[in-house]
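The values are calculated or read from the model by the stated rules, or taken from the named source; none is laboratory data. Here the structure is a predicted model, which is why all the values come from computation and not from measurement. Here Cβ is always computed from backbone atoms with ideal geometry, including for glycine, and neighbour counts include all displayed protein chains. Areas reflect the complete protein model, heavy atoms only, side chains present, ligands, DNA and RNA absent. Shrake-Rupley method; radii C 1.70, N 1.55, O 1.52, S 1.80 Å.
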Amino acid sequence: MKNVLVLGAGGHIAQLAEAFMLEQTDAKLKLFLRHPNKLNDALAARATVVTGDVMDSDVLDAAIAGQDIVYANLAGHNIEDEAKAVVAAMDKAGVKRLVWISTLGIYDEVPGAYGKWNHEMLDDGYLPTYAAAAKVIEGSDLDYTIIRPAWLQNEDEVDYELTEKGEAFKGTEVSRKSIGSLVAAIVAKPEEHIRASLGVNKPNTDGDKPRFM
């Protein structure tokens, strides 16, 4: 049985991933979040819930101790500081495996008109801070997987393909459910995608921007 700590456990993608992990893996979940009322009751009933902020080192240290995998579904203007806090706590606890949600465009890897549009939409502080956070993760000695989703939609589908760091990003969109499924797949086989940064998109969605924008 794997002990999995989910940081930012109340997020939409996180709760989809949690449901997949409980259904498809042997994971024992610890759900860490600031506002536990955001959690689905069925998920909360099958996991240990910890109320806290990742910037509170004492609470984070206690939550990470004894875990096998940390899945971070964090967001916000202070994402770089959150990355530093997570790396420090994992190093302190001797926990190596990290799954980190980021965003497309942090390496300027999105080609063509879509790449230009993506920069225009996300450059106002968003891409630089997420790129800085990814640099913190990649500069650590952790066994990380960074996930870079395309623009997110809520279709009830699991349909995705992957690109590696250094490859041009494909497609324009992907479902949140697909990202949740990918997280669960990595938890099920944590020996895969180590020290990798994965672009994730729905196949055959190339274009100048997502269809729903």
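Some points to look at:
- Sorted from greatest to least, the principal axis extents spanned by the alpha carbons of region 1-100 come out as 31, 28, 20 Å.
- Carbon/sulfur fraction of accessible area - the chain, other protein chains in place, 1.4 Å, %: 48 percent
- Think of each Lys and Arg Cβ as +1 and each Asp and Glu Cβ as -1; about the Cα centre, that makes the dipole of region 1-116 roughly 240 debye.
- Whole-number accessible area per residue in Å² for region 84-136, which is evaluated in the context of all protein chains at 1.4 Å: 43 Å²
- Look at the Cα gyration tensor of region 28-68: its axes a ≥ b ≥ c give a/c of at least 1.5 with a/b at or below b/c, and that counts as oblate.
- Working note: 222 nm ellipticity from helices only, DSSP H runs with n ≥ 4, each -39,500 (n - 2.57), summed and divided by the residues of the chain, gives -11000 deg cm²/dmol to the nearest 500.
- Karplus (6.51, -1.76, 1.60) ³J(HN,Hα), θ = phi - 60°, over region 67-79, in Hz, Gly and Pro reported as x: 8, 9, 9, 10, 10, 9, 10, 9, 7, x, 5, 9, 4
- Counted over the chain, the DSSP beta bridges are approximately 10% antiparallel.
- Overall, region 144-213 carries a charge dipole of about 240 debye about its Cα centre when +1 sits on the Cβ of Lys and Arg and -1 on the Cβ of Asp and Glu, all other atoms neutral.
- Cα gyration tensor category, rounded, prolate or oblate, for region 125-213 with a/c compared to 1.5: oblate
- Cα gyration tensor, region 162-213 - rounded (a/c under 1.5), prolate or oblate: oblate
- Taking every protein chain into account, the accessible area of region 5-45 amounts to 45 square angstrom per residue (probe 1.4 Å).
- Dipole orientation for region 63-177: of the candidates Thr163, Pro149, Ala65, Ala65 has the Cα lying most toward the positive pole (charges on Cβ; Lys, Arg +1; Asp, Glu -1).
- Comparing Gly139, Ala113, Val183 along the charge dipole axis of the chain, the residue lying farthest to the positive side is Val183, per the Cβ-charge model.
- Alpha-carbon centroid distance for the pair region 142-196 / region 65-113, whole angstrom: 14 Å
- For region 1-44, with +1 on Lys and Arg beta carbons and -1 on Asp and Glu, the positive-most of Asn40, Val4, Phe20 along the dipole: Val4
- Computed about its Cα centre, the charge dipole of the chain is approximately 340 debye, with only Lys, Arg, Asp and Glu carrying charge at their Cβ.
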